[in-house]
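Notes for the one structure printed next.
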Amino acid sequence: MGRRDRHGRGLRGPLAQANPFTGAPVRLPQRRTGAERFADYLRDAIATTARVCPQALIGVEIGFEDVPAASPQWRPDRVPLAAAIPGQAGRRAQVVLFRRPLEHRADNSGELRRLVRRALVEQLSALTGISLEDLDPGYSDGDDWD
C-alpha cells in the first residue's frame with residue numbers, strides 16, 4: 001500500500017518501486033493547483049480575445065495575482081476582482097485579474113472560466129475604449145457581478 005508524501009520526502013511504499021514490466025518508476029497523476037487552472041482559463045480568455053478583437057491586446061500586459069493589494073481608492077466593503085492600469089511613459093498598460101476573489105465568487109470551474117473571460121473583457125474595454133460587444137460578441141451585461 002502506497003503512503004502519503006509526508007514532509008516532501010517523496011512517494012513511499014510499493015508504488016515507489018519500479019514498474020516490473022518497464023523498469024521505470026510508476027508515475028502518478030499530479031493534481032493541478034488552483035493557480036495552474038486559473039492560468040489556463042486566463043490563457044483561453046486571452047486567446048479568444050486575440051481571435052475576436054486582436055487590436056485590444058496591443059500594448060497591454062495581462063496577468064493575475066492571488067489577491068489585490070490594499071489601495072485607498074477601493075471601497076472597504078468590496079474586494080476588486082480585476083484592475084486596469086493605464087500605460088505611462090516607459091510602462092505598458094496592464095490588466096490584472098485577482099484569482100482568489102474570482103474563485104470565491106464562482107460556484108464551479110465552468111463559472112470561474114466565464115468570470116475570468118468576463119473580467120478580462122470588462123477591463124480591456126475600460127482600458128482601450130473598445131465596446132464590450134466588440135470584445136466579446138456574446139457579452140451580456142444582464143448578469144450582474146453582485
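What to note about this one:
- Spin-label model, Ala106/Gln88: points 7 Å from Cα along the beta carbon direction are separated by 3.2 nm.
- Neighbour cut-off at most 16 other Cβ (10 Å), DSSP loop, chymotrypsin sites (Phe, Trp or Tyr not before Pro), the stretch 46-124: Trp74
- Peptides 107-113, 119-125, 134-140, ordered by how many other C-beta atoms sit within 10 Å of their residues on average, highest first, read 119-125, 134-140, 107-113.
- Close amide-amide hydrogen proximity is noted between Ala93 and Glu61, Gly87, each under 5 Å apart and 5 or more residues distant or on a separate chain (H modeled in the peptide plane; Pro and chain starts excluded).
- Evaluating 6.51 cos²θ - 1.76 cosθ + 1.60 at θ = phi - 60° for every residue in the stretch 53-58, the Karplus couplings come out as 8, x, 5, 5, 9, 5 Hz, glycine and proline recorded as x.
- Extension gain, Ala18 to Gln73: 0.36 nm times the residue separation minus the Cα-Cα distance gives 14.1 nm.
- Per-selection metrics, the stretch 30-140 (Cα): Rg and Dmax in Å: 13.9, 43
All of the numbers you see were taken from the coordinates with simple rules; none came from a lab. Just so you know, these numbers come straight off a predicted model, no measurement behind them. Cβ: placed from backbone, ideal geometry, glycine included. Neighbour counts: every protein chain shown.
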